Amino acid sequence: MRRDARPRNCREKWLLCELCSSELHSDGHPLLELGPWSQQKIFYLQRYADMFSTGMKNHWPTRAYIDLFAGPGIYRVRSSPDEVNDGSSLVVLKQKTPFTHYAFVDSDEGHVKALQARMANLAPGSQKKAFPGNCNDLGIVSQLLAFIPRNA
Ligand SMILES: C[S@@+](CC[C@H](N)C(=O)[O-])C[C@H]1O[C@@H](n2cnc3c(N)ncnc32)[C@H](O)[C@@H]1O
């Protein structure tokens, strides 16, 4: 099916959203198919998050990372389809000095389920939660505020 004819959200394994590869990854969940600029974005995000968490760990014992457009956790670049990379959420969950809290939001339930499965064994000492929903909704904002400690 043409990419622009696909739904906005992943519905079934045979009907994935316009942002995803048309086939599931080998773990049975969807993966994004992004432009090459994403590699740079994720590289700098990972460097910044790691510098922040390492630099602040002795000053701020509670540090929260929030990703409002989290995605399913992995992606491949359209021009190199054989190479699968960690997306923004997984690179930050794998950094050497973890945040104490990780909150992820995605409006696509298929992406949230994929991320939940992929993050299950990462940052084992941290509190992690993936919220399905539109990050502009007040309901989601309230859930984030309830999850993140006030002193974070
Ligand atoms: C480009 S992808 C995210 C890529 C991810 N940050 C990464 O680097 O691996 C954008 C994601 O945002 C989600 N999304 C789009 N609009 C949203 C909204 N209003 N609230 C929450 N998620 C949204 C999409 O379902 C998609 O998974």
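The values are calculated or read from the model by the stated rules, or taken from the named source; none is laboratory data. Here the structure is a predicted model, which is why all the values come from computation and not from measurement. Here the Cβ is made from the backbone with ideal geometry for all residues, glycine too, and neighbour counts use every protein chain on show. Accessible surface is based on the protein model in full, side chains and every heavy atom, while ligands, DNA and RNA are left aside. Shrake-Rupley method; radii C 1.70, N 1.55, O 1.52, S 1.80 Å.
When 139, 125 are checked against the criterion of being open to solvent by 70 Å² or more (accessible area, probe 1.4 Å) and at pLDDT 95 or above, a single residue qualifies: 125. One residue stands out among those in region 3-27 that are open to solvent by 30 Å² or more (accessible area, probe 1.4 Å) and modelled with pLDDT of 90 or more: the one that is nearest to the ligand (Cβ to nearest atom), which is 19. Listed by first and then second residue, the pairs linking a residue in region 12-35 that is under 16 Å from residue 86 (Cα atoms) to a residue that is within 15 Å of the ligand (Cβ to nearest atom) and among the polar types (S, T, N, Q), with Cβ atoms under 7 Å apart and 6 or more places separating them unless they lie on different chains, are 31/21; 33/21.
Being polar (S, T, N, Q) and in contact with a strand residue (DSSP E or B) (Cβ under 6 Å, 6 or more places away or on another chain) is a description that applies to residue 89.
Here residue 30 meets the list (1) within 12 Å of the ligand (Cβ to nearest atom); (2) open to solvent by less than 20 Å² (accessible area, probe 1.4 Å); (3) not in a loop (DSSP other than H, G, I, E, B) almost entirely, failing just condition (3). Restricting region 37-82 to residues that are touching a residue at least 24 places away in the same chain (Cβ under 8 Å) and among the aromatic types (Phe, Trp, Tyr) leaves a set whose member that is farthest from residue 118 (Cα to Cα) is 60.
Listed by position, the strands (runs of 3 or more DSSP E) contained in region 35-152 that have at least 1 residues being within 11 Å of the ligand (Cβ to nearest atom) and among the aromatic types (Phe, Trp, Tyr) are 74-77, 101-106, 127-132.
Conditions tested, residue by residue: (1) modelled with pLDDT of 95 or more; (2) open to solvent by 10 Å² or more (accessible area, probe 1.4 Å).
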| position | (1), (2) |
| --- | --- |
| 56 | yes, yes |
| 62 | yes, yes |
| 66 | yes, yes |
| 72 | yes, no |
| 82 | no, yes |
| 129 | yes, yes |
| 132 | yes, yes |
| 149 | yes, yes |
